[in-house]
Every structure is written in structure tokens, then in C-alpha cells.
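Please read the structure below before turning to the comments.
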């Protein structure tokens, strides 16, 4: 039994944080599904940027679009939709077998729309119609503008992967947005039993940001240096474990139980950004320390290989919640505000995806010629 199968027995699904046309065509993704290594796929602008700019896999599909009159963004979404449809078709048997529990493939709205509620919702509905697959999830960022779009999309019966969640406060707003969407739908007499949503809570980037601040305190020396050193690599897992505790409270509440009676599903936490950025840390740390029921870990190839090779499975998400609370409180005493950290990460995350999208669109223009705008 491989370690991802062990994870499934512990209640956690592995989704693959990668999509490339060659993986869809050469049988590799089908093989990963057959071996039980992955149960879904997530994508984002950075992933598509790497797929399109660092390979020739898309060149043949681009040629007929040179004189199409389409913009670079329209051409990109045509290419992306082809990949997403191919992937959702591969996962459809698993989607049916799991009765809609797994087998989803995520496609993100344009990161340029992260602060525009109405335009986000328009694109969400358009992509949902164009892909036309029951196991599609549309990714909406958990920005202030994204929150009402989440509610509206759920109310419209669209599966949503809420992305770029860093803070516990924003996560609370995301869960509320999901429940509001379900409530609006039931109030309109519409079914909720086929709607699925996940909340992508980002992990390793939190440690990257916090550790940089802690290292400054360590290097300065003095009374706080030892305490700061002891907190290195602790913030991200503490933050995620407290998010899981919040999830369990909300989805065991009377508010959700009323919806559950009508067939509503929980909005599962999905741990994102789970590759280890610091080589001093265990390479599967953000998988091993975040295992719990009704959760997902979306894992890039290198981390997946490492976990299949030497990962250990234990129900770790509920461990030492007191310690998690204390770790975040200790950061505050050192002058490190998690509110400041997570807001900075949200802004940075939106910018990173927007920058990747710009590079991607520039590459599309270069490959199709000056006729494309």
C-alpha cells in the first residue's frame, strides 16, 4: 500500500498541484490515478505559465489561432480549457466512484480580476459553461472582492475552490460565504447535494515570511533571540491546525447541520503551498504534520515523489492545539503580527499570480505573432 493510499484511509485525499499537456497525452496522469497516487488536480497561473512557456506542447494548438482575432487571454483560456476538459474526463470515473467526493480539476479565474467582484463572477459563470464538466472546480481568490463572488457562485450551483487563504479571519469569512451560498440556494428551492467546494489554505509561504522576521531577531541577539530561534518553522503548521479546528467547529454547527439534512457537503480544507521551501526542514513536513479527516493536500511532483518514498502517515492535525495557539501568541510578543503577515502574503500571492499571467500572455503573443493583442 503506497503512502497516499494510507492518507486516504486517514481521511485525506492527495490532489496533484500540476497540469501539463504532455502528462495528459503520454498516459502519466492516467497512471498516477490508476496507482491511487492522486485523486484530483489543481492549477494556477504559475503552473500554466510554466507549462506553456517551458515546452513546445502547445505550439501545434496555437498555430490555427494566429489569425483568429482572439486576444492573448482568450487564446490562453482556450488552451487551458482543452487541458482541463481532458483532465476532468480522466478523473470522471473516480468522481463517480467517490460520489462526488474526489476527482475534481480546478481552473482559476484571471488573477487580474482579484479585486473585482462582478467581473470575477462573470468569468466564473463563463468558464463553468465552457468547460461543461460536473467535476470542474473554479478557483476564486479569497480577497475581499472574492468573498461575495464565492457566495454567488455557490448559489448558482458552481463548484468552487477558494484559493489564496492565509489568515484565520479570512478563512472564517470563506466558510461563511460558502454557507451563505448554500442557504440562498435552499431558500430558492434548489438542490445543494451536487455542489462541492474546497478552501485552499496556504501553508509553507507563511513560514517563509515569518522565518525571515524571526531570523532578523535571532541575528540581532539579545533576550528575544533564543525564543525567536525556537519558533522557526512553527508558524505555518500552527496556523493550519487552528484553521482545521475552526473548520470542525463550523461544520459541526447547527447552521451547517440544517444544510446537511438537505444533502450539503462540508467545504473541505485543502492544504496548498505544501512543498518545503527551506532545505533545513524535512521535505515532507507540510504533508506529514497536516493529516486529518475530510481534508486534502495538493502536492507538486517533487513533494509527491518524496512522500511516496519516505513519508509517514499519522493523524497529526489535531495534535497540540494548545501549542499551536501558544506559538502564534509568542510571535505576537516578539512583535510579529500574523494579521500583518497574512495580509502581506495575500497581496503578494495575487501579485505573483498576476505576474505569472502576464508572462504567460506575453509568451502566447510571441508564439502567435503580433496579430494577437
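The values are calculated or read from the model by the stated rules, or taken from the named source; none is laboratory data. Values in this document were obtained by computation on a predicted structure and should not be read as measured data. Methodologically, a virtual Cβ is constructed for each residue, glycine included, from the backbone with ideal geometry; neighbour enumeration extends over all protein chains shown.
General observations
- Condition met for residue 195 (free of Cβ contacts under 8 Å to residues at least 40 places away in the same chain and closer than 18 Å to residue 296 by Cβ): no
- Residue selected from segment 119-135 under the condition without any contact (Cβ under 8 Å) to a residue 12 or more places away in the chain and farther than 27 Å from residue 94 by Cα, by the criterion surrounded by the fewest Cβ atoms within 10 Å (Cβ to Cβ): 122
- Whichever residue in segment 216-242 is in a loop (DSSP other than H, G, I, E, B) and without any contact (Cβ under 8 Å) to a residue 40 or more places away in the chain and, among such residues, is surrounded by the most Cβ atoms within 10 Å (Cβ to Cβ): 232
- The set of residues in segment 254-304 being surrounded by 23 or more Cβ atoms within 10 Å (Cβ to Cβ), within 14 Å of the chain's Cα centre (by Cα) and assigned to a loop (DSSP other than H, G, I, E, B) consists of 267, 273, 274.
- Some residue of segment 167-180 being touching a helix residue (DSSP H, G or I) at 6+ places or on another chain (Cβ under 8 Å) and outside any helix (DSSP H, G or I): yes
- Condition check for residue 153: in contact with a helix residue (DSSP H, G or I) (Cβ under 9 Å, 6 or more places away or on another chain) and surrounded by fewer than 24 Cβ atoms within 10 Å (Cβ to Cβ): no
- Per this entry, residue 330 is not counted among residues that are exposed (fewer than 14 other Cβ atoms within 10 Å of the Cβ), in contact (Cβ under 8 Å) with a residue 60 or more places away in the chain and either under 25 Å from residue 218 (Cα atoms) or within 16 Å of the chain's Cα centre (by Cα) (or both).
- The single condition among (1) closer than 21 Å to residue 348 by Cα; (2) out of contact with any helix residue (DSSP H, G or I) (no Cβ under 7 Å at 6 or more places or on another chain) that residue 147 does not meet is (2).
- Filtered residue count, segment 131-151, keeping only those that are in a loop (DSSP other than H, G, I, E, B) and either more than 19 Å from residue 176 (Cβ to Cβ) or within 15 Å of the chain's Cα centre (by Cα) (or both): 6
- Evaluation of residue 208 against (1) in contact with a helix residue (DSSP H, G or I) (Cβ under 8 Å, 6 or more places away or on another chain); (2) more than 23 Å from residue 177 (Cβ to Cβ); (3) in contact (Cβ under 8 Å) with a residue 40 or more places away in the chain (one fails), failing number: (1)
- Residue under evaluation residue 57, criteria (1) touching a helix residue (DSSP H, G or I) at 6+ places or on another chain (Cβ under 7 Å); (2) closer than 22 Å to residue 367 by Cβ; (3) in contact (Cβ under 8 Å) with a residue 60 or more places away in the chain; (4) not in a helix (DSSP H, G or I), criterion not met: (3)
- With respect to the conditions (1) more than 24 Å from residue 351 (Cα to Cα); (2) under 24 Å from the mean Cα position of the chain (by Cα), residue 190 lacks only one, and its number is (2).
- Test set (1) surrounded by fewer than 17 Cβ atoms within 10 Å (Cβ to Cβ); (2) touching a strand residue (DSSP E or B) at 6+ places or on another chain (Cβ under 6 Å) - residue 169 fails condition number: (2)
- The set of residues in segment 97-125 being more than 19 Å from residue 17 (Cβ to Cβ) and in a helix (DSSP H, G or I) consists of 97, 112, 113, 117, 118, 119, 120, 121, 122, 123, 124, 125.
- Residue pairs meeting the criteria (Cβ under 8 Å; at least 6 apart or on separate chains; first part of a helix (DSSP H, G or I), in segment 1-26; second loosely packed, with under 14 Cβ neighbours inside 10 Å and at pLDDT below 95): 21/55; 22/55
- Of all the residues in segment 75-87, those that are over 13 Å from residue 44 (Cα atoms), surrounded by 20 or more Cβ atoms within 10 Å (Cβ to Cβ) and out of contact with any strand residue (DSSP E or B) (no Cβ under 9 Å at 6 or more places or on another chain) number 2.
- All told, residue 62 falls short of being in a loop (DSSP other than H, G, I, E, B) and at pLDDT below 95.
- From the list 107, 90, 94, the lone residue that is more than 23 Å from residue 46 (Cβ to Cβ) and touching a residue at least 60 places away in the same chain (Cβ under 8 Å) is 94.
- All conditions in (1) out of contact with any helix residue (DSSP H, G or I) (no Cβ under 7 Å at 6 or more places or on another chain); (2) part of a helix (DSSP H, G or I) hold for residue 345, with the sole exception of (1).
- Some residue of segment 308-323 being out of contact with any strand residue (DSSP E or B) (no Cβ under 8 Å at 6 or more places or on another chain), crowded, with 19+ Cβ neighbours inside 10 Å, part of a helix (DSSP H, G or I) and modelled with pLDDT of 95 or more: no
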